[in-house]
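Encoded as structure tokens, the structure appears first; notes follow it.
Values quoted throughout were computed directly from the atomic coordinates according to the rules given, and no laboratory measurement underlies them. Nothing here was measured: the structure is a model prediction, and the numbers come from that model. We place every Cβ from the backbone using ideal geometry, glycine too, and count neighbours over all the protein chains shown.
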Amino acid sequence: MRAIFQWNVGSRVLELGRRTLIMGVVNATPDSFSDGGLYIDAEKAVVRAEQLLDDGATIIDVGGESTRPGASEPVSEEEERRRVLPVIRDLKRRRPGAVVSVDTYKASVARAAVDVGAEVVNDVSGFRWDPDSKMAKTLAELKVGAVLMHTRGRPEEWRSLPPIGDPMLMVKRELRQWAEAATLAGIKRDRLVLDPGFGFGKRFEENYPLLAHFAELQQMGFPLLAGVSRKSFHRANAGARWQGCRGCRTALRDSGCRNSVDPEGGARNSNARCAVCGGGSAGRGRDCGEWRIERQHVGTAVPAVSGVPGVRKWPKLSAGLRQQKSRQKRN
């Protein structure tokens, strides 16, 4: 049974758990691993965000600094603000009802983003990388929604980190500790969402135990965000026969790609389905299609949002996605 949460993002409350919400990603960066450079222009970024909203995303997550493996040069606060603020401001002007998140670990960028309309701060560092260690305190003052993600080391260190003995044990322990520190800093529990950080400081094989036992993270009493979109471990999973998930074993038993256009599509959709089955309250991705198909597969096809004007029922699958789903069934 999926727990139901009321996520307080300041100006409204989002219901999490009854339906799996989708967080669409827009990277206003020149060097992100998947779509770097495509949306560095603010107008193109806003158009992409509108497309994601039309495809069914409830939240748009705007980022201005790449955290791809091996990234070593941090972006200055000034440059990050230059990249993300126009996108957030213009998107809120054109889509006032949209829930906008800013992906940043810098408290000053978070504050500036909230000033122009962001209601959620998504921090991949678990509130630990801000140069002045002020992120948790800043979020408590801003009274917005917050995503606390687990990561291990810094991007430039990920390729040289030693193996993890028990990935689930480590992630649960550290997420619990960091969430407790956040609440002690003044962030209310109903404003927090936790993310196990698939791919962030974890080797290929260390992500699968997190996926297989994702439901165990619900024991911490917080809503969960799963960001499995376009992570490199999909390539290791494509074509593999892995049966770790009890909730959606058929999805992973034969999760090789059946989509000639996207050779990682089958594995990616399987991993999204696994996270939904395991109790994910929200899914983060660059393409709503992988989450749309898997939400429908496990019976959570309609997003439920409290207090968001103009939110409509889940749109029908596009022709392309219908064909993709049809091919998967035939094969």
- Task: Compute the separation of the alpha-carbon centres of region 127-144 and region 25-84 and state it in Å as a whole number.
- Result: 21 Å
- Name all residues of region 1-32 having a backbone nitrogen under 15 Å from the label point set 7 Å from the Cα of ASP190 along its Cα→Cβ direction, giving them as ranges. 4-16
- Item | Residue-wise HN-Hα coupling along region 110-122, computed from phi with Karplus coefficients 6.51, -1.76, 1.60 (Hz; x: Gly, Pro) | 4, 4, 5, 5, 5, 4, 9, x, 5, 10, 9, 10, 9
- Task: Scan around LEU21 for amide H atoms under 5 Å from its own, H built in the peptide plane at 1.01 Å from N, and keep only partners 5 or more places away or cross-chain.
- Result: ALA282, GLY283
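Roughly speaking, what is the stretch gain from MET220 to MET170, that is 0.36 nm per residue apart minus the C-alpha to C-alpha distance, in nm to one decimal? Don't jump to the answer; show the numbers that get you there.
Working: separation 50, 0.36 × 50 = 18.00 nm, distance 1.35 nm.
Result for the pair: 16.7 nm of gain on full extension.
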- Note on the structure: Of 124-137, 101-114, 178-191, 151-164, ordering from highest average Cβ density within 10 Å down gives 101-114, 124-137, 178-191, 151-164
- Using the Karplus curve 6.51 cos²θ - 1.76 cosθ + 1.60 with θ = phi - 60°, work out ³J(HN,Hα) for each residue of region 73-86 in order, rounded to whole Hz, and write x for Gly and Pro. 9, x, 7, 5, 4, 4, 5, 5, 4, 4, 6, 9, 4, x
